[in-house]
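The structure under discussion appears below in the form of structure tokens.
The values are calculated or read from the model by the stated rules, or taken from the named source; none is laboratory data. A quick note: this is a predicted structure, and the numbers were derived from the prediction, not measured. Because the Cβ atoms are built from the backbone with ideal geometry, glycine has one as well, and the counts that use them run over all protein chains shown. Heads up: the accessible areas ignore ligands, DNA and RNA and are worked out on the full protein's heavy atoms, side chains in. Shrake-Rupley method; radii C 1.70, N 1.55, O 1.52, S 1.80 Å.
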Amino acid sequence: MTSSKTTAVLGAGISGLSAAYRLHQLRPDVTLRVWDQRDRTGGVLATLHTQGYQIEQSADNFITTVPWGLDLCRELGLGGELVQTNPAYRRTYVVRKNNLYLLPDGFLMMAPSKMWPLAVTPILSPLGKLRAAMEYVIPKSQSDADETLASFVRRRLGCEVYERLVEPLVSGVYAADMDKLSLMATLPRFREMERQHGSLIRAMRRQMRSNTQVKSQASESGARYSMFVTLRQGLSHITDTLAAKLPPDAVQLNRRAETLERWTDETGKALWRLTDQHGNAEYFDSVIFALPSYETARLLLPTHRRIGELLGKIEHSGTAIATFAFDRSQMKRKITGMGFVVPKIENSPILAGSFSSMKYEHRAPGDKLLIRIFAGGARAPDMADMPDVDLLPVIKREMNQLLQIDGEPELEVVSHWPRTMPQYHIGHQELIAEVTELAAGVPDIALAGNVFDGVGIPSCSQSGQLAAEAVIGKMKR
């Protein structure tokens with residue numbers, strides 16, 4: 001095909017770069033421009049290599065239960081770099097009264113696959129354990145309506161299991177308020193388990209009997225660690241490779257889209273007029289939005305008010321991630337897991353922690369330990385962009401006491417990610433369905449990003465590629 005068409009992709013994170021890559025694959029004749037206000041590609045994906053350490057400054061791996069992340073890596077020639085989590089440490093700790101306790105074996109996010117570990121855990125009281133066991137006989141809900149994740153877990157497993165186990169595990173993933181978080185927009189498989197089997201415990205037992213994969217995960221706890229992978233050179237290698245596959249002049253950094261207008265040229269052709277922060281304008285046949293939803297909302301409000309209003313309703317939280325390097329001898333507490341989560345009722349400034357170099361051994365020299373601490377989220381939104389001079393003493397004091405660490409870290413790196421996590425509140429699915437329907441009817445635009453199909457690398461990459469295909473479909477009309 002021959003064409004003089006031009007497309008702008010707004011945002012050079014994993015969603016935007018995946019969109020640009022797919023568009024260039026399918027329509028290399030289209031002139032492509034990728035704008036990003038940062039001075040680098042990658043969005044929130046950022047890998048730092050320093051002093052022999054590999055520090056992931058946001059996401060540090062991705063799940064393989066959906067194929068899109070693996071497929072992308074293999075397509076980019078990165079399949080040989082994929083690394084699985086260390087099998088020796090596929091366990092999670094939960095904090096209770098400033099002590100670390102291993103999450104019961106087989107407790108996967110919000111359902112137990114084994115009852116004995118739950119019965120003997122010191123994390124729960126005898127009454128809490130009894131209430132959890134009653135889940136087996138509690139009738140299933142007859143309603144098809146969505147409900148909050150907090151409501152669902154309290155109803156099925158009781159308040160104590162919710163507060164001590166589920167809330168910290170899910171909060172570590174979504175940085176969200178569980179009393180607002182939509183079950184159907186985040187973890188719908190657990191509602192499906194209730195519908196099909198009448199009980200989460202019954203569902204897990206039947207899956208254990210029939211599914212070898214579930215059996216293999218029964219010795220894990222928390223996240224399904226065996227289902228996660230990373231890249232040996234760091235996750236930035238994905239976005240760096242995507243950018244390198246584009247035409248040399250495609251990616252334009254330090255360019256923020258300030259305004260978007262509908263424009264008609266002298267021939268009567270309808271175009272999009274994009275103006276950056278310096279007042280420089282360019283004209284495009286189509287635009288792919290791979291920005292945070294509030295930024296897309298800002299740009300679309302003048303021309304497509306309803307889409308802008310809907311996207312503007314989506315709330316966001318954020319986190320600060322502090323990474324510390326220690327000599328292994330400095331930590332006196334023996335650790336046999338990959339990380340820990342902190343329940344809200346502990347009133348701690350820490351959301352969760354990850355033993356990054358135990359999770360993936362290549363991230364630190366053999367006698368060193370790399371620890372990542374997460375703070376902020378919906379619990380403490382101010383901490384996401386709190387100045388380091390205020391944030392670090394609070395985090396270090398809590399971390400040192402909890403992990404029994406002597407002395408100062410050899411290295412400290414803090415990454416701030418305010419307003420990066422969309423909150424999938426009740427009604428999110430309906431909102432996104434309306435946005436998707438409205439956007440499908442707008443000539444020459446497409447939307448991508450983590451508000452649509454999920455916050456992980458696979459979902460964001462898939463979202464970008466689908467947006468590229470949608471724009472190409474509109475080009476053929």
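Give segment 66-104 a look and list any residue that's in contact (Cβ under 8 Å) with a residue 12 or more places away in the chain and farther than 23 Å from Phe340 by Cβ, or say none.
Matches in segment 66-104: Val66, Pro67, Trp68, Gly69, Leu70, Leu72, Cys73, Leu76, Gly77, Leu78, Glu81, Leu82.
For segment 394-404, how many residues are open to solvent by 60 Å² or more (accessible area, probe 1.4 Å) and either at negative phi or in a helix (DSSP H, G or I) (or both)?
Result for segment 394-404: 2.
Kindly indicate the residue of segment 41-51 that is on the phi < 0 side of the Ramachandran plot and touching a helix residue (DSSP H, G or I) at 6+ places or on another chain (Cβ under 7 Å) and also surrounded by the fewest Cβ atoms within 10 Å (Cβ to Cβ) among those meeting that condition.
Taking the candidates together, the pick is Ala46.
Determine, yes or no, whether Asp144 is modelled with pLDDT of 95 or more and open to solvent by 30 Å² or more (accessible area, probe 1.4 Å).
Details: modelled with pLDDT of 95 or more: no; open to solvent by 30 Å² or more (accessible area, probe 1.4 Å): yes.
Against the criterion (modelled with pLDDT of 95 or more and open to solvent by 30 Å² or more (accessible area, probe 1.4 Å)), Asp144 does not qualify.
Of all residues in segment 310-334, how many are more than 30 Å from Leu431 (Cα to Cα) and either free of Cβ contacts under 8 Å to residues at least 24 places away in the same chain or among the hydroxyl-bearing types (Ser, Thr, Tyr) (or both)?
3
Among the numbered criteria (1) among the aliphatic types (A, V, I, L, M); (2) modelled with pLDDT of 95 or more; (3) open to solvent by less than 40 Å² (accessible area, probe 1.4 Å), which single criterion is violated by Leu118?
Failing condition for Leu118: (2).
Is it true that some residue in segment 411-420 is aliphatic (A, V, I, L, M) and either crowded, with 20+ Cβ neighbours inside 10 Å or more than 24 Å from Ser348 (Cα to Cα) (or both)? So that I can check it myself, show each step before the final result.
Our first condition is that a residue be aliphatic (A, V, I, L, M); within segment 411-420, this holds for 411, 413-414.
Those still in the list that are either crowded, with 20+ Cβ neighbours inside 10 Å or more than 24 Å from Ser348 (Cα to Cα) (or both) too: none.
No, segment 411-420 contains no residue that is aliphatic (A, V, I, L, M) and either crowded, with 20+ Cβ neighbours inside 10 Å or more than 24 Å from Ser348 (Cα to Cα) (or both).
Could you figure out which of (1) at pLDDT 95 or above; (2) closer than 30 Å to Gly42 by Cβ isn't true of Ser171?
That leaves (1) as the condition not met.
Here is a list: Arg131, Arg164, Arg154, Arg90. Which entry is more than 25 Å from Asp179 (Cβ to Cβ) and not hydrophobic (A, V, I, L, M, F, W, C)?
So the residue among Arg131, Arg164, Arg154, Arg90 that is more than 25 Å from Asp179 (Cβ to Cβ) and not hydrophobic (A, V, I, L, M, F, W, C) is Arg90.
When you scan segment 105-128, do you find a residue that is small (Gly, Ala, Ser), in contact with a helix residue (DSSP H, G or I) (Cβ under 9 Å, 6 or more places away or on another chain) and within 30 Å of Arg255 (Cβ to Cβ), even just one?
no
So which residues in segment 421-441 are open to solvent by 50 Å² or more (accessible area, probe 1.4 Å) and over 30 Å from Lys474 (Cβ atoms), if there are any at all?
Here is the first cut: in segment 421-441, the ones open to solvent by 50 Å² or more (accessible area, probe 1.4 Å) are 426, 429-430, 433-434, 436-438, 440-441.
Correct list: Ile426 only.
Quick test of your reading of the structure: Thr420 fulfils all but one of (1) touching a Pro at 6+ places or on another chain (Cβ under 9 Å); (2) without any contact (Cβ under 8 Å) to a residue 40 or more places away in the chain. Name the failing condition by number.
Unmet condition: (2).
Name the residue that is surrounded by the most Cβ atoms within 10 Å (Cβ to Cβ), counting only residues in segment 174-184 that are among the small types (Gly, Ala, Ser) and modelled with pLDDT under 95.
Here the residue is Ala175.
Condition check ((1) over 30 Å from His425 (Cα atoms); (2) open to solvent by 20 Å² or more (accessible area, probe 1.4 Å)) across all residues:
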residue	(1), (2)
Leu253	yes, yes
Glu258	no, yes
Trp263	yes, yes
Lys269	yes, yes
Tyr283	yes, yes
Val287	no, no
Arg298	no, yes
Arg305	no, yes
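Which of the residues spanning segment 429-450 are in contact with a Pro (Cβ under 8 Å, 6 or more places away or on another chain) and on the phi < 0 side of the Ramachandran plot?
Asn450
Looking at Arg22, Arg38, Arg91, Arg33, which one is surrounded by 15 or more Cβ atoms within 10 Å (Cβ to Cβ), at pLDDT below 95 and on the phi < 0 side of the Ramachandran plot?
Only one candidate passes the filter, namely Arg91.
Which one of Gly353, Gly318 is surrounded by fewer than 23 Cβ atoms within 10 Å (Cβ to Cβ) and in contact with a Phe, Trp or Tyr (Cβ under 6 Å, 6 or more places away or on another chain)?
Gly318
Could you tell me which numbered condition Asp444 fails, if it satisfies all but one of (1) of a type outside the set (A, V, I, L, M, F, W, C); (2) open to solvent by 10 Å² or more (accessible area, probe 1.4 Å); (3) out of contact with any Phe, Trp or Tyr (no Cβ under 8 Å at 6 or more places or on another chain)?
All conditions are met except number (3).
Among the strands (runs of 3 or more DSSP E) lying completely within segment 231-287, list those that include at least 1 residues that are charged (D, E, K, R).
257-264, 270-276, 281-284
Sort out which residues of segment 52-63 are open to solvent by 20 Å² or more (accessible area, probe 1.4 Å), within 18 Å of Met338 (Cα to Cα), in a loop (DSSP other than H, G, I, E, B) and in contact with a strand residue (DSSP E or B) (Cβ under 8 Å, 6 or more places away or on another chain), and write them in order of number. Write out each step before concluding.
Applying the first criterion (open to solvent by 20 Å² or more (accessible area, probe 1.4 Å)) to segment 52-63 yields 52, 57, 59, 61, 63.
Checking the rest, the ones that are also within 18 Å of Met338 (Cα to Cα) come to 57, 59, 61, 63.
Filter again for in a loop (DSSP other than H, G, I, E, B), leaving 57, 59, 61.
Once the filter is applied, which keeps residues that are open to solvent by 20 Å² or more (accessible area, probe 1.4 Å), within 18 Å of Met338 (Cα to Cα), in a loop (DSSP other than H, G, I, E, B) and in contact with a strand residue (DSSP E or B) (Cβ under 8 Å, 6 or more places away or on another chain), segment 52-63 yields Gln57, Asn61.
Only residues that are touching a Gly at 6+ places or on another chain (Cβ under 8 Å) and under 30 Å from Lys368 (Cβ atoms): list them for segment 14-40, please.
Ile14
For the subset of segment 70-80 comprising residues that are surrounded by 15 or more Cβ atoms within 10 Å (Cβ to Cβ) and touching a helix residue (DSSP H, G or I) at 6+ places or on another chain (Cβ under 7 Å), which member is nearest to Cys460 (Cα to Cα)? Spell out the reasoning first.
Applying the first criterion (surrounded by 15 or more Cβ atoms within 10 Å (Cβ to Cβ)) to segment 70-80 yields 70-73, 76, 78.
So of that shortlist, the ones also touching a helix residue (DSSP H, G or I) at 6+ places or on another chain (Cβ under 7 Å) come out as 72-73, 76, 78.
Working: Leu72: 11, Cys73: 14, Leu76: 16, Leu78: 18 Å.
The residue in question is Leu72.
Working only within segment 217-273, note down all residues that are modelled with pLDDT under 95, among the hydroxyl-bearing types (Ser, Thr, Tyr) and in contact with a Leu (Cβ under 9 Å, 6 or more places away or on another chain).
Matches in segment 217-273: Ser221, Thr264.
Is it the case that segment 409-419 has a residue that's at pLDDT 95 or above and at positive phi?
Among the residues of segment 409-419, at least one is at pLDDT 95 or above and at positive phi, which makes the answer yes.
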